[in-house]
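Notes follow the structure.
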Amino acid sequence: MIQAILVFNNHGKPRLVRFYQRFPEEIQQQIVRETFHLVLKRDDNICNFLEGGSLIGGSDYKLIYRHYATLYFVFCVDSSESELGILDLIQVCVVFVETLDKCFENVCELDLIFHMDKVHYILQEVVMGGMVLETNMNEIVAQIEAQNRLEKSEGGLSAAPARAVSAVKNINLPEIPRNINIGDLNIKVPNLSQFV
């Protein structure tokens with residue numbers, strides 16, 4: 001089972017962190033740092049498998065990673081994964097990166113920073129709850145395109161403020177009282193029609 005998916009740049013700055021096992025925040029940060037140091041000191045010609053660090057379970061866990069341009073994609077898995085499953089996991093990593101590449105047209109680190117919601121959505125199409133759901137890139141891209149069409153048909157979040165203003169303008173309210181007297185308290189209500 002996948003315990004965590006970590007994406008960080010060449011300098012160790014996390015760009016995507018998803019844990020499928022509960023860890024306190026400080027332990028998560030230590031895991032990211034330790035994983036980065038373990039992966040960084042490996043040569044590019046060496047196998048992309050290594051035993052997990054001491055914080056995420058030691059020898060019971062394996063780290064499977066790929067290095068693309070300035071980003072490291074690391075999958076932390078437990079020892080219950082079969083060797084073929086781990087090879088599949090490497091393929092999932094490739095599918096995830098290629099899907100990001102298709103969705104962002106030559107994905108770069110800035111895409112992960114500025115489109116975090118979309119990246120998490122893509123990741124959830126591939127892996128959910130630590131289990132691999134889909135490895136067919138065409139199916140994943142089709143689901144993402146369907147989500148984009150749905151967002152556009154609903155106007156997306158960017159149209160929400162305009163829809164809210166038009167809804168307020170269309171509300172038929174009776175005349176708003178201008179002076180409210182409550183005992184000795186006299187309240188003057190400003191004219192709000194200038195704001196609508």
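Here are the numbers for this structure:
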| item | result |
| --- | --- |
| In region 115-134, the residues that are of a type in the set (Val, Ile, Thr) and part of a helix (DSSP H, G or I) | 119, 122, 126 |
| Helices (runs of 4 or more DSSP H) lying entirely in region 1-114 (those with 1 or more residues that are modelled with pLDDT of 85 or more and over 21 Å from the mean Cα position of the chain (by Cα)) | 25-40 |
| Tabulated pairs, region 72-99, first within 16 Å of residue 139 (Cβ to Cβ), second open to solvent by 10 Å² or more (accessible area, probe 1.4 Å) and of a type in the set (Val, Ile, Thr), C-beta under 6 angstrom, 6+ apart or interchain | 92/132; 92/135; 95/135 |
| Region 15-32: number of residues that are out of contact with any Leu (no Cβ under 7 Å at 6 or more places or on another chain) and either open to solvent by less than 70 Å² (accessible area, probe 1.4 Å) or over 25 Å from residue 122 (Cβ atoms) (or both) | 7 |
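The values are calculated or read from the model by the stated rules, or taken from the named source; none is laboratory data. Quantities reported herein were computed from a predicted structural model and do not represent experimental measurements. Reconstructed Cβ throughout: ideal geometry from the backbone, glycine too, with neighbour counts over all protein chains shown. All accessible areas refer to the heavy atoms of the entire protein, side chains included, with ligands and DNA or RNA removed. Shrake-Rupley method; radii C 1.70, N 1.55, O 1.52, S 1.80 Å.
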